[in-house]
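Chemist: Below: one structure in structure tokens.
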Amino acid sequence: MAGPELELEFPLRWYQEGAVRFVAPLFEETDVGEPKSPSKIPVFYNPFSKPSRDMTILAVEAMGLKSVLAAEPLAGCGVRGIRLLKETTCVEGVFLNDINSQAVKVIEYNARHNLVVDRVRIFHLEASIFLTQHSLPEKRFQYVDIDPVGSPSRFVENGLRACATGGLLGVSATDLAPLVGRHPTTCLRKYDAQSFASDFSKELALRILAGYVVRAGMPVNIAAKPVLSFYHRHFVRVFLRVERGRGRCMRLLKGLGWVQYCRRCRDLKTLPIHEMPERVCGLCGGKTSVAGPLWIGPLHDRNFTQSAHSRSARYPETAKILDKIVEEVDAVGFYTVPSLARMSNKPPPPPSKLVEKLRQAGFQASHTHIDPEGVKTDATPREIMASLKDM
């Protein structure tokens, strides 16, 4: 339990994450010893999201700024912001906000215990109000983190407004069911985008989230460009570099578009935002599925991801994700080996063998961090099938 100065009506326990020892609510555990329903605890903390917080530290360092003021409008127990202070040399201060009055008490306790209370400002406001109060140029942050339970959509525009020009915005979504196509109507309502279920749905989820953030900034002349994106376990997360200006927004338009996919022949293509996708495949006549508007440009900036990767050894789980991200081919979507094998009526080869075979044939090919069975490539389905038949 925490000290007597922290009197709350629910049990707490000590946790250790990175360089931070902190208190958060005691979880009821499942039969296998994992926490039940982190979203239902009285002050939010999800231990499964540690890679998200690891990646935040690496992304903020990769910005290359000497002085960063960071903000977390949905801070929960405050561990992310406190870790930014203790595990980076560039973050000078953090503003931590939560609408939950009990969370505010826990944040203050954790800041004092970790000896960073002099660099933390704590607020008790609704998240959008907090962000709006910091939308003027002199009040903006170099890093803003939006990590809610569920969809971040209602916080995105204000998050962009509160982010300084040249700064970084981190956005997470945990409502994967709509984003991966299981609830397409909900996806349309929350993200103003169509989704569909497929082998590469989790990448579509990343692209729908990224596209939503990019589009949210354009009406107010904020150009937010994805520099690092990843999927892990129960969430998708995108980091975007924030700039301002009409011209920059116009240039970003070329990264927005549609994904058109034929389930019969596996043809996968992208179309720019101003072209309407077809509902019938031009190759085989099959019915196509369409996702978008979404981000069809690169999900990662190579220099940025390399910089984050070079610092990642201290976080082994997150380093494994970055190991694959830095090698990923810049292609929209991917193919899974079991699905391709079913089409070819052959046993599925190891994904590494197919990647090697495609490279030998002159194509770009790589694994993907999203799916261990997935292969990203610029080869067409017909060319992939030809490589499979030769194996």
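The values are calculated or read from the model by the stated rules, or taken from the named source; none is laboratory data. A quick note: this is a predicted structure, and the numbers were derived from the prediction, not measured. Here Cβ is always computed from backbone atoms with ideal geometry, including for glycine, and neighbour counts include all displayed protein chains. Side chains included, ligands, DNA and RNA excluded: accessible areas come from the protein's heavy atoms. Shrake-Rupley method; radii C 1.70, N 1.55, O 1.52, S 1.80 Å.
Chemist: Is one or more of the residues making up segment 273-281 farther than 30 Å from G18 by Cα, among the aliphatic types (A, V, I, L, M) and either within 18 Å of the chain's Cα centre (by Cα) or open to solvent by less than 60 Å² (accessible area, probe 1.4 Å) (or both)?
Modeler: Yes, the conditions are met somewhere in segment 273-281.
Chemist: Then there is this: How do the pairs read when you match residues in segment 49-63 that are open to solvent by 10 Å² or more (accessible area, probe 1.4 Å) with residues anywhere that are assigned to a helix (DSSP H, G or I) and of a type in the set (G, A, S), using Cβ under 8 Å and keeping only pairs 6 or more apart or on different chains?
Modeler: Pairs found: E61/S307; E61/A308; A62/S307; A62/A308.
Chemist: Could you check segment 136-155 and list, in sequence order, the residues that are crowded, with 16+ Cβ neighbours inside 10 Å and either assigned to a helix (DSSP H, G or I) or free of Cβ contacts under 8 Å to residues at least 60 places away in the same chain (or both)?
Modeler: Once the filter is applied, which keeps residues that are crowded, with 16+ Cβ neighbours inside 10 Å and either assigned to a helix (DSSP H, G or I) or free of Cβ contacts under 8 Å to residues at least 60 places away in the same chain (or both), segment 136-155 yields R140, S151, P152, S153, F155.
Chemist: Going by the structure shown, is A361 surrounded by 14 or more Cβ atoms within 10 Å (Cβ to Cβ) and over 30 Å from the mean Cα position of the chain (by Cα)?
Modeler: Taking the combined requirement at face value, the residue satisfies it.
Chemist: Could you please give the count of residues in segment 242-261 that are over 18 Å from R207 (Cβ atoms) and not in a helix (DSSP H, G or I)?
Modeler: Of the residues in segment 242-261, 4 are over 18 Å from R207 (Cβ atoms) and not in a helix (DSSP H, G or I).
Chemist: Considering (1) of a type outside the set (G, A, S); (2) without any contact (Cβ under 8 Å) to a residue 60 or more places away in the chain; (3) under 25 Å from V227 (Cα atoms), say which one R83 fails and leave the rest.
Modeler: For R83, the exception is condition (2).
Chemist: Follow-up question, since we're still on this one. Quick one: F239 ticks every box in (1) more than 11 Å from the chain's Cα centre (by Cα); (2) not in a helix (DSSP H, G or I) bar one, so which box is it?
Modeler: Of everything listed in (1) more than 11 Å from the chain's Cα centre (by Cα); (2) not in a helix (DSSP H, G or I), F239 misses just condition (1).
Chemist: Taking only segment 296-305 into account, find how many residues are out of contact with any strand residue (DSSP E or B) (no Cβ under 6 Å at 6 or more places or on another chain) and within 13 Å of S229 (Cα to Cα).
Modeler: Residues that pass the stated criteria total 3.
Chemist: If you check every pair at least six apart or on different chains, which have Cβ atoms under 6 Å apart with a residue in segment 367-384 that is closer than 14 Å to L322 by Cα and among the hydrophobic types (A, V, I, L, M, F, W, C) first and a residue that is assigned to a helix (DSSP H, G or I) and open to solvent by less than 70 Å² (accessible area, probe 1.4 Å) second?
Modeler: I370/E203
Chemist: Within segment 102-122, how many residues turn out to be more than 15 Å from C77 (Cβ to Cβ) and not in a helix (DSSP H, G or I)?
Modeler: Counting residues in segment 102-122 that are more than 15 Å from C77 (Cβ to Cβ) and not in a helix (DSSP H, G or I) gives 2.
Chemist: Another one. Do you know which of the residues in segment 308-325 that are assigned to a helix (DSSP H, G or I), in contact (Cβ under 8 Å) with a residue 60 or more places away in the chain and open to solvent by less than 30 Å² (accessible area, probe 1.4 Å) is farthest from S52 (Cα to Cα)?
Modeler: I325
Chemist: State all residues of segment 109-123 that are in contact with a strand residue (DSSP E or B) (Cβ under 6 Å, 6 or more places away or on another chain) and free of Cβ contacts under 8 Å to residues at least 60 places away in the same chain; if no residue qualifies, say none.
Modeler: Scanning segment 109-123 gives A111, R119, V120, R121, I122, F123.
Chemist: Please report, ordered by residue number, the helices (runs of 4 or more DSSP H) entirely within segment 156-236 with at least 3 residues that are more than 22 Å from Y335 (Cβ to Cβ) and open to solvent by 40 Å² or more (accessible area, probe 1.4 Å).
Modeler: 184-191
Chemist: Next up: Inside segment 331-350, can you point out the residues that are in a loop (DSSP other than H, G, I, E, B), open to solvent by 20 Å² or more (accessible area, probe 1.4 Å) and in contact with a strand residue (DSSP E or B) (Cβ under 7 Å, 6 or more places away or on another chain)?
Modeler: V332
Chemist: Return the residue satisfying two criteria in turn: it lies in segment 247-301 and is without any contact (Cβ under 8 Å) to a residue 24 or more places away in the chain and of a type in the set (D, E, K, R), and of such residues it is nearest to G217 (Cα to Cα).
Modeler: Only one residue tops the list, namely E275.
Chemist: Over 24 Å from A62 (Cβ atoms), in a strand (DSSP E or B) and open to solvent by 20 Å² or more (accessible area, probe 1.4 Å): is that true of E356 in this structure?
Modeler: When the stated conditions are applied, E356 does not pass them.
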